[in-house]
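Chemist: Before I ask anything, let me first share the structure, which is written out below as structure tokens.
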Amino acid sequence: MLSLKLTTIAILATLTVAAPSPASTVTSISTEATEEVATKPFSFSQWVDDILNPNVVALTPEEALEAYYQSINGTTTSGAEQLSKRGSSTATCETANSKRMPVADAVYLVNTMAAGGQELVHIPIPFCSKSVCSSPSGRSSLIGQKDCNLWVEEPSEYWARAGGFIMDACTWGDKSGGKIVMPANRYITVLLYGQGY
């Protein structure tokens with residue numbers, strides 16, 4: 001009986017040593033997850049949502065800019081293809097560099113609008129187009145366009161969200177710019193527009 005117990009213990013010990021280590025499996029899963037995070041493009045629209053959410057500590061504009069550049073520097077060719085697809089499909093990107101703005105200006109504009117929260121931003125009659133926020137240099141603007149016969153107003157945060165969607169779809173390299181119909185009000189088109197860059 002004693003020899004049977006000893007034989008059983010010896011067999012179990014051999015099986016335990018020969019079994020694959022679960023730590024090696026966890027390591028390979030962890031490595032794959034790290035690779036995915038490193039190639040995931042930065043989302044400006046998610047950053048705006050974080051700013052507007054009182055339960056989240058959002059990145060500062062400087063940190064958001066740094067995170068954007070880190071995300072594009074860490075992408076592969078397939079990641080670069082995802083950059084053009086990550087934003088809203090309804091944004092129209094500006095391709096002329098003279099009408100695009102530095103990413104830092106776009107971050108400033110979107111952050112300024114997000115900081116306005118529920119404060120109403122309006123475009124009165126008879127204006128068809130109005131700059132609702134400008135960069136410190138005055139060469140970059142967030143612009144609202146609408147039918148000249150309409151009075152429109154929406155909270156500042158809606159303008160910021162639209163700007164975030166434009167940036168997600170239309171930011172590449174060190175420039176951004178484009179337009180989108182505001183998701184909250186189909187009568188307003190929001191533009192990120194640079195002059196002479």
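Chemist: Do you know which residues across segment 122-153 are assigned to a loop (DSSP other than H, G, I, E, B) and touching a residue at least 24 places away in the same chain (Cβ under 8 Å)?
Modeler: Pro124, Ile125, Ser135, Pro136, Ser137, Arg139, Lys146, Asp147, Asn149, Leu150, Trp151, listed by residue number.
Chemist: Can you tell me which residue among Ser135, Ser140 is crowded, with 24+ Cβ neighbours inside 10 Å, in contact with a Ser or Thr (Cβ under 9 Å, 6 or more places away or on another chain) and closer than 23 Å to Asp49 by Cβ?
Modeler: Result: Ser140 is the single residue among Ser135, Ser140 that is crowded, with 24+ Cβ neighbours inside 10 Å, in contact with a Ser or Thr (Cβ under 9 Å, 6 or more places away or on another chain) and closer than 23 Å to Asp49 by Cβ.
Chemist: Looking at Ala160, Ala114, Ala106, can you tell me which residue is assigned to a helix (DSSP H, G or I), out of contact with any Cys (no Cβ under 6 Å at 6 or more places or on another chain), of a type in the set (Gly, Ala, Ser) and within 17 Å of Arg186 (Cα to Cα)?
Modeler: Result of the check over Ala160, Ala114, Ala106: Ala160.
Chemist: When you go through Thr90, Thr95, Thr189 one by one, which is the residue that is surrounded by fewer than 22 Cβ atoms within 10 Å (Cβ to Cβ), in contact (Cβ under 8 Å) with a residue 24 or more places away in the chain and closer than 26 Å to Ser71 by Cβ?
Modeler: Being surrounded by fewer than 22 Cβ atoms within 10 Å (Cβ to Cβ), in contact (Cβ under 8 Å) with a residue 24 or more places away in the chain and closer than 26 Å to Ser71 by Cβ holds for just one of Thr90, Thr95, Thr189, which is Thr90.
Each value in this text was obtained by applying a stated rule to the coordinates, not by laboratory testing. What you see is a predicted model; the values in this text were computed from it and never measured. For neighbour counting, all protein chains shown are included, and Cβ atoms are generated from backbone atoms with ideal geometry for every residue, glycine included.
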